[in-house]
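Structure record follows, encoded as structure tokens.
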Amino acid sequence: MKIQHLAMASVPIQTWGQIYDNQTALKKGTIFQELDMPFFAADDGGMSGCCCQVSDTADPDQREREEKMLQIYQVCFAADDLRLYLDTHPQDMQALDLLKSMLAQRKQLLKEFAQRFFPLTMDCMEELYQTGTSENCYCWQEGPMPWEGACV
């Protein structure tokens, strides 16, 4: 049986180029401007929904939670996209430096969120154990359950 090839793919190696800021990257779906190729050229609306916008709520605490969560979403998305780039470009020092900076920013945002509202990760709980009283450290119940969606 002879195998026939339907097509041969040619995929160029990605190079380091201009990157979007974290807010734009989350909406576009990539931090790399050269990879931003909308499927429909006439429609470049980007993402919308709970993770990309802050609701118009009268409750200042709710608004602050949503703003901080949006910052966390943005830096986490950008760090993940950069990590994927580094999977194929592990020697790119510019990308490594940017990832290091983003990871530090992520850690700081998670710490601030945990101190102000509730822990989002086990690492955040560890921070609370070091700085808070024992009875206030295990506070998962302070935040929404995963099936409740955003910072309700």
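The values are calculated or read from the model by the stated rules, or taken from the named source; none is laboratory data. Keep in mind it's a predicted model, so treat the numbers as computed, not measured. Cβ sites come from the backbone with ideal geometry, for glycine too, and all protein chains shown count toward neighbours. Quick note on the areas: whole protein, heavy atoms, side chains included, nothing else; ligands and nucleic acids left out. Shrake-Rupley method; radii C 1.70, N 1.55, O 1.52, S 1.80 Å.
State yes or no: is L109 crowded, with 18+ Cβ neighbours inside 10 Å and either modelled with pLDDT of 90 or more or in contact with a strand residue (DSSP E or B) (Cβ under 8 Å, 6 or more places away or on another chain) (or both)? When the stated conditions are applied, L109 passes them.
Applying a threshold of 7 Å to beta carbon distances and a minimum spacing of six or more residues, or different chains, the list of pairs starting in region 86-97 at a residue that is within 16 Å of G17 (Cβ to Cβ) and in a helix (DSSP H, G or I) and ending at one that is hydroxyl-bearing (S, T, Y) and open to solvent by less than 100 Å² (accessible area, probe 1.4 Å) reads A95/Y85. Here A79 meets the list (1) in contact with a Leu (Cβ under 7 Å, 6 or more places away or on another chain); (2) at pLDDT below 80; (3) within 21 Å of Q18 (Cα to Cα) almost entirely, failing just condition (2).
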